[in-house]
1. Name the residues in segment 208-220 that are under 15 Å from Glu40 (Cβ atoms), open to solvent by 60 Å² or more (accessible area, probe 1.4 Å) and touching a Phe, Trp or Tyr at 6+ places or on another chain (Cβ under 8 Å), would you?
2. What helices (runs of 4 or more DSSP H), lying completely within segment 51-163, carry at least 1 residues that are of a type in the set (A, V, I, L, M), closer than 25 Å to Glu180 by Cβ and out of contact with any Gly (no Cβ under 9 Å at 6 or more places or on another chain)?
3. Hey, among Leu22, Leu99, Leu52, Leu48, which residue is more than 16 Å from the ligand (Cβ to nearest atom), out of contact with any His (no Cβ under 8 Å at 6 or more places or on another chain) and among the hydrophobic types (A, V, I, L, M, F, W, C)?
4. So which of Arg205, Arg201 ends up being farther than 19 Å from Gly87 by Cβ, surrounded by fewer than 16 Cβ atoms within 10 Å (Cβ to Cβ) and away from the ligand (no atom under 16 Å from the Cβ)?
5. Quick test of your reading of the structure: Thr139 fulfils all but one of (1) without any contact (Cβ under 8 Å) to a residue 60 or more places away in the chain; (2) within 16 Å of the ligand (Cβ to nearest atom); (3) open to solvent by 40 Å² or more (accessible area, probe 1.4 Å). Name the failing condition by number.
6. Which of (1) open to solvent by less than 40 Å² (accessible area, probe 1.4 Å); (2) of a type in the set (Lys, Arg); (3) without any contact (Cβ under 8 Å) to a residue 12 or more places away in the chain does Arg19 not meet, given it meets every other one?
7. Look through segment 102-136, keep the residues that are in contact with a helix residue (DSSP H, G or I) (Cβ under 8 Å, 6 or more places away or on another chain) and open to solvent by 60 Å² or more (accessible area, probe 1.4 Å), and return whichever of them is nearest to Phe90 (Cα to Cα).
8. Would you tally the residues in segment 1-51 being of a type in the set (Ser, Thr, Tyr) and under 14 Å from the mean Cα position of the chain (by Cα)?
Amino acid sequence: MSDDPVLAARDVSVVRGDRRVLDGLSVEIPDDARVLVRGESGAGKSTLFEVLGLLTTPDSGAVEVRGTDAAAVSERERAALRRDHLGFVFQSFRLVDDLTAYENARAPQEHAGDVDEAWLDTLFDRLDIADLADRTPPTLSGGERQRVAIARALANRPSVVLADEPTGQLDPETTDAVLETLFSVHETFDTALVVVSHDPRLGERFPDRYALGDGGLRAE
Ligand SMILES: Nc1ncnc2c1ncn2[C@@H]1O[C@H](COP(=O)(O)OP(=O)(O)OP(=O)(O)O)[C@@H](O)[C@H]1O
């Protein structure tokens, strides 16, 4: 296996309007990482999430996936890097309301042309949502939708799961359940985990913590 970290940002800057939201930011995400990035509202967490997820190309600097500079390849190859290495849990889940939970989770596999229902069944069992597979998102609770979103993020066996405010709208009990789920995913499926959040409840549970401020990351 390559020695390159699964994900790295090198001297990345992003300008939004007249503000340099990320300003020469660098970070490496090793394979076994369990990283929390904290920051005040407006600090640039969602921007960093989009940059690390190859959803936004930075104005300068590079984002590398296993040593491949994502900006140096075609859009098609970039999409393949995203699909093969990255799993996303979006702040608002972004599930499709008129698909079932199972169909939502299967969508990335269909997109990749490689449906593996045995793996999906494993995920649904492990995330304790097997009995919700045929329900649609509007009939599920926030925590249940969250777990469906995590199943979808893992559908293509990513190297890294990126989660944007995964607990933002959840009560303390559901927050604990979601964290346990993310951590067990990290351990069971050998997936690096990067969570960006302003939620002060998450702190100590993550061995690697950074504060995002003034466009850069500071280890905590
Ligand atoms: N298209 C844009 N044009 C101008 N400014 C923008 C644009 N998008 C984002 N910003 C600004 O960039 C900064 C960082 O935004 P970002 O959404 O990354 O912050 P955040 O830390 O995720 O905030 P929150 O916790 O409130 O979601 C904010 O000040 C925001 O107003």
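1. Hits for segment 208-220 are Arg218, Glu220.
2. Values: elements: 75-85, 101-112, 117-126, 142-154.
Answer list for segment 51-163: 101-112, 117-126, 142-154.
3. Working: Leu22 fails: more than 16 Å from the ligand (Cβ to nearest atom); Leu52 fails: more than 16 Å from the ligand (Cβ to nearest atom); Leu48 fails: more than 16 Å from the ligand (Cβ to nearest atom).
Result of the check over Leu22, Leu99, Leu52, Leu48: Leu99.
4. On the way: Arg201 fails: away from the ligand (no atom under 16 Å from the Cβ).
Just one listed residue meets the conditions, Arg205.
5. For Thr139, the failing item is (2).
6. (1)
7. His111
8. Result for segment 1-51: 2.
The values are calculated or read from the model by the stated rules, or taken from the named source; none is laboratory data. A quick note: this is a predicted structure, and the numbers were derived from the prediction, not measured. All Cβ positions, even for glycine, are placed from backbone atoms using ideal geometry, and neighbour counts span all protein chains on display. What goes into the accessible areas is simple: the full protein's heavy atoms, side chains included, and nothing from ligands, DNA or RNA. Shrake-Rupley method; radii C 1.70, N 1.55, O 1.52, S 1.80 Å.
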